[in-house]
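Here the structure comes first, spelled out in structure tokens, and everything after it is commentary.
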Amino acid sequence: MPRAASHGERVGVAVRRPLRWGILGTGLIAGIFTSDLRASGLTVVAAGSRDRSSAERFAAEHDLIRSHGSYAALCEDPAVDIVYVATPNVLHLENALLAISRGKHVLVEKPFAMDEAQASAIAEAARAAGVVVMEAMWTRFLPHMVRVRELVGGGALGDVRTVMADHDQRLPGDPTHRINDRALGGGALLDLGVYPISFAVDLLGPPTSVQAHATMTSTGVDRQTSVIMGHHGGRQSLSHSAIDTLGPVRAAVLGTDARIELAPWWYNATGFTLLDAEDREIETFAQPVGGRGMQYEAFELERVIREGLSESPRMPLDESIAIMRVLDAVRAQIGLVFP
């Protein structure tokens, strides 16, 4: 059995040939992801679904050469090197472990799992199998976020004190829709709130304290949730997410010398403005990207595999586990219980 490795450690042989992607799940996000990868020159060869006709339709739509009528068949396909898990939240653990057990590298849609225990199980399985697994928190890899981290890490903001972000959307109100279904891991927190929480952890590190308040729907999921986190050094982060009200979807990073104001829909490919303590513009960032921008997380996973690393230093497994720990703490405070 391969030994466990710390994140970013070189453990394998560098890969030079094209890496081949298989898409597990054929929903909306899977389609956007596949389109972005193909438009960026990456190789997507197969799709798998529990419904063969759905897999065949998806493969035809995206010009893929192979389709499979089960998740197991996709994961056993020798033409697939990396499996992208794009199924509902409650299936991430099962699907990730299946792909890992077949020796595949895996990109798991956010949230990484349903709770910390499941996230740890995925990480342990990946390390034992010697494959690369990464959470698909695609926002982290977008060009504007790369520049935000450069500015924060380089001291351009002085002492960073606060991270603020909202992710409020008006999603379908149908009680049978997955976002409103407790059995499918619905609600604002796991689908929307995970973005600003992950953003705060990325810039400020795991929290030292968590306070949350929520309003629930008639189906038992959180309709809106506010989270305040304390971080090392007295820093704070504030986030709000909702599934039935469209908000500004903005974010800001506040420092003693300057601040960054991210443009609306901050978690998508967008831009930002850096302003000094006198409210003067220092830098404006705007870099167009192709498609939605989901190719950047795929570039990162392929880079890690090609260089023979154990996992991504930008989205390490221990950080995905830490984020799930935060979500668990929030759920405990707001009374969000999944079957």
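The values are calculated or read from the model by the stated rules, or taken from the named source; none is laboratory data. Quick caveat: nothing in here was measured; it's all calculated off a predicted structure. Cβ: placed from backbone, ideal geometry, glycine included. Neighbour counts: every protein chain shown. Protein only, heavy atoms only, side chains kept; ligands, DNA and RNA dropped before computing areas. Shrake-Rupley method; radii C 1.70, N 1.55, O 1.52, S 1.80 Å.
If you go through region 71-89 and keep only what is over 13 Å from Val108 (Cβ atoms) and of a type in the set (A, V, I, L, M), you end up with Ala72, Ala73, Leu74, Ala79, Val80. Restricting Glu124, Glu135 to residues that are charged (D, E, K, R) and touching a helix residue (DSSP H, G or I) at 6+ places or on another chain (Cβ under 7 Å) narrows the list to Glu135.
Across region 208-238, the qualifying residues are those that are of a type in the set (S, T, N, Q) and assigned to a strand (DSSP E or B), and the one among them that is surrounded by the fewest Cβ atoms within 10 Å (Cβ to Cβ) is Ser209.
Filtering Leu107, Leu93 for residues that are open to solvent by 20 Å² or more (accessible area, probe 1.4 Å) and either closer than 19 Å to Ala183 by Cβ or assigned to a strand (DSSP E or B) (or both) leaves a single hit, Leu93.
With respect to the conditions (1) out of contact with any Lys or Arg (no Cβ under 7 Å at 6 or more places or on another chain); (2) under 26 Å from Val194 (Cβ atoms); (3) open to solvent by less than 40 Å² (accessible area, probe 1.4 Å); (4) in a helix (DSSP H, G or I), Arg147 lacks only one, and its number is (3). Does Ile29 satisfy the condition of being among the β-branched types (Val, Ile, Thr), open to solvent by less than 40 Å² (accessible area, probe 1.4 Å) and either at pLDDT 95 or above or assigned to a loop (DSSP other than H, G, I, E, B) (or both)? Here the answer is no, as Ile29 does not meet what is asked. Contact map, region 27-56: residues that are without any contact (Cβ under 8 Å) to a residue 60 or more places away in the chain paired with residues that are open to solvent by 50 Å² or more (accessible area, probe 1.4 Å), Cβ distance under 6 Å, separation 6+ or inter-chain. Pairs shown: Thr43/Pro18; Thr43/Arg20; Val44/Arg38; Val45/Arg20; Val45/Ile65; Val45/Arg66; Ala46/Arg66.
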